[in-house]
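Here is the structure we will look at, set down as structure tokens.
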Amino acid sequence: MLYFSQEYMERYQNFQDMLKRISQEVPEKPVFFYEEDGKKTICWADFYTMVQERSSLLAKDPFTCLGIFTENTLACMVEVFAANLAGKQIVLLDPIAPAALLAKQITATDVDCLWGNPLRAAEVSHAVTKGCTNGRGKILFFTSGTTSAAKAVVLSDASLMQSAWNGGSLLPLGKEDILLDMLPLHHVFGFVCGLLWGMASQAAVALGRGPRHYLDDCAFYQPTAISLVPMLFGFLVQHNLFNPQLQLVLVGAGDCSHHLLQAVKDKGIRVSFGYGLTETSSGVALSIGEDPTAMTICPDDTITLAQDGEILIQAPTCMMQGYYKRKEDTDAVLVDGVLHTGDLGHFDADGLLHIIGRKKEMLVLPDGTKIFLPEYEKAIKELLSTEELAVVLHRHMPVLVMNELQEEEEKIKQKLEPLMKSQTRSHQLSSIISLHHSLPRTAAGKIKHWEIQKEIEKLWSKEKKF
């Protein structure tokens, strides 16, 4: 049965508004499916009661900013909504990030209390601060880079709910749908499109059981819709893991090959591709037609192009309040309410947006995270004592490209080992490539990363393996 509804999607003002209204309207309807000695459900009325009770306890606690090690569990869902209702500022943290990075993020965002994963909390307890002021309603997400260049983006439960409506009005779910949430909540795409999209549509949200269950979550929950980053999307396609009931896949937070998108469409599954940023509380454009790369602008947003093709966004209901305690960085990208994204695009004859590439010096990986090249390459240059290198993507993984290998590859790897150990797995170099000629540069001396990447792809197509 086709569940997807074309009915008007309700707009909720904030978390409290959604929880209260839906729990009154459909109190017995499931809000979450989850695993606890088998597949279980919890209805809206019971979930709202749990949130209210936990919120009452948190409101009595003097802490002001709660750092949450996110996990896709019922307990974490309760904590996030309860902390918000209790007036606490919330910082969503990646539970598998390096301890040194977590400590910096905790200190930078005035976290004075930690929740979840007691082992990680003990590792970084020294970074806890005295708290914040005026944090009510604020929810902080770090931009998806995992180096110190990542900034804390100040969003709110209001902006996140408007984002859920914004995208959901173009791509609505029906009340009988099941949305499988396999994405991390510390990423805004996962929070909005893996969680709030389903909740605000009154569809049941199935809480994914983590990487160990990527192979069987679809079979276990039998969803009708799922949100994925390109890397996970490719994994599920490669292993033929989509269940027969699945009717819609939303892909976002990174580039995805047309081949993969078409392969799923050929199975009779609708595929939509989304474009958005942490700074805009997630999506600002979605493909809703036959071409997954041609995107319709979400109704609350306005997108224009600068003379050089840079995408400029006005998103008054969903725009960030700024980067936390980084006014200079905020002013550099948010000018008179217009976000200068650093991404490049164009409009086709039908007024649909197509993404060309990135103006900013960063790589977007298939898991949705980013490598900020100036900082990343600087650290490598210092370890190798050379300026003749670049990092580009090859087969969706970062590779180190040099003009010539001045020493054996194994010795280069040994020199880079301390840096690689400090990086998450997806940010570690997969190989080292020598071009045997000078790296292409602009007249100003800047390395042409895209030219290098094209050369490597051309070599690979001739089956020259590195």
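Side notes on the structure shown:
- Test set (1) surrounded by fewer than 18 Cβ atoms within 10 Å (Cβ to Cβ); (2) in a strand (DSSP E or B) - F141 fails condition number: (1)
- Residue-level check: of (1) free of Cβ contacts under 8 Å to residues at least 40 places away in the same chain; (2) part of a helix (DSSP H, G or I), L405 misses just (2).
- Among the residues here, K413 qualifies as surrounded by fewer than 17 Cβ atoms within 10 Å (Cβ to Cβ), of a type in the set (D, E, K, R) and at pLDDT 90 or above.
- Tally, over the range 167-215, of residues that are in a helix (DSSP H, G or I) and in contact with a Leu (Cβ under 8 Å, 6 or more places away or on another chain): 12
- Test: H396 is touching an Asp or Glu at 6+ places or on another chain (Cβ under 9 Å) and either over 25 Å from A253 (Cβ atoms) or free of Cβ contacts under 8 Å to residues at least 12 places away in the same chain (or both): no
- Residue count, the range 162-188 (criterion: open to solvent by 20 Å² or more (accessible area, probe 1.4 Å) and within 19 Å of S287 (Cα to Cα)): 3
- Among the conditions (1) in contact with a helix residue (DSSP H, G or I) (Cβ under 9 Å, 6 or more places away or on another chain); (2) assigned to a strand (DSSP E or B), the only one that H346 does not satisfy is (1).
- Pairs with Cβ under 7 Å, 6+ apart, first in the range 153-180 and at pLDDT 95 or above, second buried (at least 23 other Cβ atoms within 10 Å of the Cβ) and among the acidic types (D, E): V153/E279; L180/D217
- Candidate set: the range 208-246, residues that are in contact with a His (Cβ under 9 Å, 6 or more places away or on another chain) and open to solvent by 30 Å² or more (accessible area, probe 1.4 Å); chosen: the one nearest to Y34 (Cα to Cα): F220
- Test: residue in the range 368-380 that is acidic (D, E), in contact with a Lys or Arg (Cβ under 7 Å, 6 or more places away or on another chain) and surrounded by fewer than 16 Cβ atoms within 10 Å (Cβ to Cβ): no
- The set of residues from the range 408-428 being in a helix (DSSP H, G or I), within 19 Å of the chain's Cα centre (by Cα) and touching a residue at least 40 places away in the same chain (Cβ under 8 Å) comprises S426, H427.
- When the range 89-144 is filtered for residues that are of a type in the set (S, T, Y) and within 25 Å of G276 (Cα to Cα), the ones remaining, listed by number, are T109, T143, S144.
The values are calculated or read from the model by the stated rules, or taken from the named source; none is laboratory data. Computed from a predicted model, the values in this text were never measured in an experiment. Neighbour counts run over all protein chains shown; Cβ positions are idealised from the backbone, glycine included. Heavy atoms of the whole protein, side chains included, go into the accessibility calculation; ligands, DNA and RNA do not. Shrake-Rupley method; radii C 1.70, N 1.55, O 1.52, S 1.80 Å.
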